Every structure is written in structure tokens, then in C-alpha cells.
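What follows is a short report on a single structure.
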Amino acid sequence: MSEKKEPVFENRYPFEAKIQVNEEKIREIRENYIKISKINLEKMRRGKNRAANMAYFENALLDKTERIKELKEFKAKGGKVIGIFCVHVPEELIYAAGCVPIRMSCGFYDTIAPAEEILPKNICPLIKSSIGFNFLKVNPLFELCDIIIIPTSCDGKKKMAEILSNYQEVWTLEMPNDRDNEVSREFWVKQVRLLKERLENLTGSKIEKKVLKKYILKLHERTALVRELFDLRVGQKIVVDGRDVYFVLQTAFFDNPIRWMEKVRLLINELKKNIQNNKVIVKESTPRIIMTGSPLIWPNMKLLHIIEESGAVVVADDSCACGQYFYNPAELEEWSMKSMLEALSDKYLLPVVCPVFAHCDDRIDRLLELIEKYKADGVIYHILRLCQVFDFEYIKISKLFEKKSIPLIKIETEYSEEDAGQIKTRIEAFIEMLEARR
Ligand code: SF4
């Protein structure tokens, strides 16, 4: 084990800004998080023939007592909890090091204003919300994190890493800007190797080949399960809506992975029965939507509510917070540590359709593949205000879709409910147009 301790952030000029929020306000924000989560779930329960197995995921989100107890016991035995952002962090390595990852991205409006005390207002709401959420300890799970790993995906994430590193230990995972060349790939493989070393230094024990293999295979199972769930949405009989799928995937951000997989298995079995028994949630002629663009993260369900309450259904997405999250397996032929690390590097870089890379044509390939496979009627392109990387790509995609006569609508918004009415009007008109095209 190398004694050489990798320097984490060395802030020679500490960022001493503090969020001045009193305990009363923090309590109010925490209560509001639960309140909004309950409102979301109440809206999602209104659908007919909703799968009964959704109840587990609701409880897991609303009452994290059991998960917190599990993680506290795990830490008491010396375990480490690792906060992660984005889809680029090799979870297999974290599990194989005897640690547990918790995904920290956040979609909560109430933590934006406090965060703006220490951040510029003109940055994407996801960054502000996540920093506010973290500072105000709204989610007790975040307090259990020993380390936070932040990939340097977009500028917002880079600067968030710097700011958070003034308050807790942050490791960055440096992303190459281009991934279609060997130099970038080698650079990324080195980053993944460095992460392995850091995890070994953190835990004081080596990551063994057989343990890493075990977790690669376990997450293969998870990927296969998620693909099986997604494949249930290809057919005309719709038994689960987009909101429920986003919700189920996002409970995996913090839930015990083994228990989560067992519950998803039960959900899939129930949905398969519902298809057999024609226990559908909407009629077959319901316009089928593909979601793309900036991530929709709980509890920011505004756009998904509007789409599915306006008479359409989301059948697939390429989101880093849903469709993309568990979709790609690590591919390898032999199980040497070298091959496993290279396969993990490729898994978390090559198939990822995040627009932070210099070239992202495969994101368009993936979108066209989803439109065809899920027989979509239209695409809704969500942009979080000031999310430049997704905005940059919109023009190119809209021109191509125009040529291919694929209906596309751009919805630029943020976490507040202020523009919900206006968005609803546009979405209703879009859905009417899709129905007229049928
Ligand atoms: S939504 Fe866009 S700007 Fe915000 S963190 Fe994600 S990629 Fe970065």
C-alpha cells in the first residue's frame, strides 16, 4: 500500500463564506422537503392501476430511518460512506473497497436561495440546490459521507468541488474533454487507478481482484434488471409511467443496493402480470414521449407531472439521473485487475451521453435509437436554466429532428413552480399536435 498520500484540495485561500440560516429556517426547509415529496407522491398515486410494489420505494424515500441506521452501524464497524455526483464514478470500486456510495445530486428549490448567499446567482439550479442541500444538512444521509467524489464534468461541478472542499474532504475525478482518442482514454484510466489507490488509502486495505469481480458481476445484475424494467415500456400496453420509473431509479441514489434490486424484481414481476391482465395505466393511443436534456432530480418533478397530467406518457429517457444511470455494463473478457480497471474506465466514460464532451454525436445516436425502439411520438428537451452544455447541443439536435420530422419541444426552466402554468400550456399544445399527427 503506497504511503504517498495524494494531496486533496489544498485551499491556500480558504473559502470562508458561510450560509447564514438559523436553526428554525433549516427545520422549515427540511419539513418542506418532506412536504413536497408527499405532494409529488400524492400526484403520482392518482393514476389508475399503479403497481402496488411502488409502496416500498415511497417508504424508502419518505422514511430514511432504516437506511440511516444501517449506514451508522456500517460506519461504527469502520465502513466509509462516499458521496458521489454524476454518472462517471465507478461504483464497483467503491463497493469493492468496502465503502458505500450515496448519490448527492439534488432537485430541491428551497435550498437555492440560501446557497445564493455564497454562490453567483447565474449558475444552474442543480449546483446551487446541491450545495445548499449539503450545507443545510437537509438530507441526514449526506451527513454520513466521509468523502465526496465529484467528476469535473461541467464548470458548475468543478467549482462546486472547490467550494465544498473548504468544508469536507472532496476528491475530484478529472474528466477528459474528449474521449474519442487513446490519449484521453489513458488519462481517464489513470484517474480510475488513482481513485482505487485513494480508496485503498482511505480504508487501509487493498482492493482484491475477487472482490472487485464480485461487485462488477453484482452491478451487471443490476443493469440487467434495469434493462428488463425499461423493456416493459417498449410495448403498446403501458403499465408504468415515467414519473414512477424516475422515482424508482432515484431511490437507488441512497438505498441498500441488494434490497433495492429485490424490490425492483418484485415490481417487474407485478408489471409483467399487469401486461398479461391488460391492467394498463393509460390507453394505448396515449402519445409516447422521450425525455432528454438536463437531469430531472427529485423532488423536481414539475415537468414530468405536467407531461403525464396533460395526457402523454414518458416511455424512455437518456438522463444521467434515470435512463443512463445503470444502463451500461462493464464489458470484459478476462478478470485481471488491469482488465477490470480498464473495463470500468470504459463503462463510465464511453457510453455516457453527457454533453460535457467535445464530441457528443453518440448522444444523438442514442436518442434516435430510443425514439425508434420505444415508438416515440415526440421528444421533450429539458434545459435547466444556465445549463450551457445541454443548451449548446439543442440547436444541432433540433435541426436534425426537423429534417427527420421528429417532433421536438424545448422546455427551459428551473426548480420553482412559477412557470408551471406557461409550461403546461405549451406541453398541452405539443401533445395536441402529436395526437393530430397520429
Ligand atoms: S444540469 Fe448542466 S450545468 Fe447543471 S450540473 Fe448538470 S451538466 Fe452541469
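The values are calculated or read from the model by the stated rules, or taken from the named source; none is laboratory data. All values reported here derive from a predicted model rather than from experimental measurement. Backbone-built Cβ (ideal geometry, glycine too); neighbour counts: all protein chains shown. Only protein heavy atoms, including side chains, enter the accessible area calculation; ligands, DNA and RNA are left aside. Shrake-Rupley method; radii C 1.70, N 1.55, O 1.52, S 1.80 Å.
What are the ³J(HN,Hα) values, in whole Hz, obtained from phi via the Karplus relation 6.51 cos²θ - 1.76 cosθ + 1.60 with θ = phi - 60°, for each residue of region 389-398 in sequence order, with x given for Gly and Pro?
The phi angles translate into 4, 6, 5, 3, 7, 4, 4, 4, 5, 5 Hz.
Using a 1.4 Å probe over the heavy atoms of the protein chains, calculate the carbon and sulfur portion of the accessible area of the chain as a whole percent.
52
Tell me the trypsin sites (Lys or Arg not before Pro) within region 390-436 that lie in a loop according to DSSP and have at most 11 other beta-carbon atoms within 10 Å.
Answer by residue number: LYS404.
Hey, what do the phi angles of region 361-376 turn into as Karplus ³J(HN,Hα) couplings, whole Hz, using 6.51/-1.76/1.60 and θ = phi - 60°, x for Gly and Pro?
Result, rounded to whole Hz: 4, 5, 5, 5, 4, 5, 4, 5, 5, 5, 4, 6, 4, 9, 6, 6.
Taking only the C-alpha atoms, wrap a convex hull around region 263-364 and report its volume per residue in Å³ as a whole number.
Convex hull volume per residue, Cα atoms: 171 Å³.
If you count only protein heavy atoms and use a 1.4 Å probe, how large is the accessible surface of HIS220, to the nearest 10 Å²?
Result for HIS220: roughly 50 Å² accessible.
So what's the convex hull volume per residue for the Cα atoms of region 41-154, in Å³?
Roughly 146 Å³ of hull volume per residue.
THR425 accessible area, nearest 10 Å², 1.4 Å probe?
90
For region 109-176, state which trypsin sites (Lys or Arg not before Pro) are in a DSSP loop and have at most 13 other beta carbons lying within 10 Å of their beta carbon.
LYS121, LYS137
Please give me, ordered by residue number, the GluC sites (Glu not before Pro) of region 247-295 that lie in loop per DSSP and have at most 12 other Cβ atoms within 10 Å.
Answer in residue order: GLU284.
Distance cut-off 24 Å, Cα to Cα: go down the list LYS69/LYS210; LYS121/LYS159; LYS35/LYS302; LYS75/LYS338; LYS159/LYS338; LYS373/LYS399 and report the pairs above it.
LYS69/LYS210; LYS75/LYS338; LYS159/LYS338
Convex hull over the Cα atoms of region 354-408, averaged projected area in nm²?
3.8
I need the phi-derived Karplus couplings for region 86-101: 6.51 cos²θ - 1.76 cosθ + 1.60, θ = phi - 60°, integer Hz, Gly and Pro marked x.
6, 10, 9, 8, x, 4, 4, 5, 5, 5, 5, 7, x, 10, 10, x
Show the residues, 5+ positions off or on another chain, whose built amide H is closer than 5 Å to the amide H of THR172.
Placed amide hydrogens put ILE150 under 5 Å from THR172.
Mind checking the log10 I(q)/I(0) for region 23-437 at q = 0.06, 0.10, 0.12, 0.13 Å⁻¹? Debye, one equal scatterer per Cα, no solvent, two decimals.
The Debye formula, applied to the Cα set alone, gives -0.23, -0.67, -1.00, -1.20.
Please list MET337, MET291 in order of solvent-accessible area, largest first, computed with a 1.4 Å probe with all protein chains present.
Sorted descending by solvent-accessible area, the residues read MET337, MET291.
Keeping every protein chain in place, order ILE307, ILE371 by accessible area at 1.4 Å, biggest value first, i.e. largest first.
Sorted descending by solvent-accessible area, the residues read ILE371, ILE307.
Sort GLU208, GLU23 by heavy-atom solvent-accessible area, probe 1.4 angstrom, most to least.
Most to least solvent-accessible, the answer reads GLU23, GLU208.
Tell me which residues come under 5 Å, amide H to amide H, from GLY378 once H is placed; ignore anything under 5 positions away on its chain.
Distant-sequence amide H within range of GLY378: ARG288, ILE290.
Amide H neighbours of LYS80 under 5 Å, counting only residues 5+ apart in sequence or on other chains, H built in-plane at 1.01 Å?
HN-HN under 5 Å from LYS80: VAL100.
If one takes the longest principal axis of the Cα atoms in the chain, at what angle in degrees, from 0 to 90 and to the nearest 10, does the Cα axis of helix 420-437 lie?
Approximately 60 degrees, to the nearest 10.
May I have the extent of the alpha carbons of region 124-215 along their three principal axes, as whole Å values ordered from largest to smallest?
39, 33, 22
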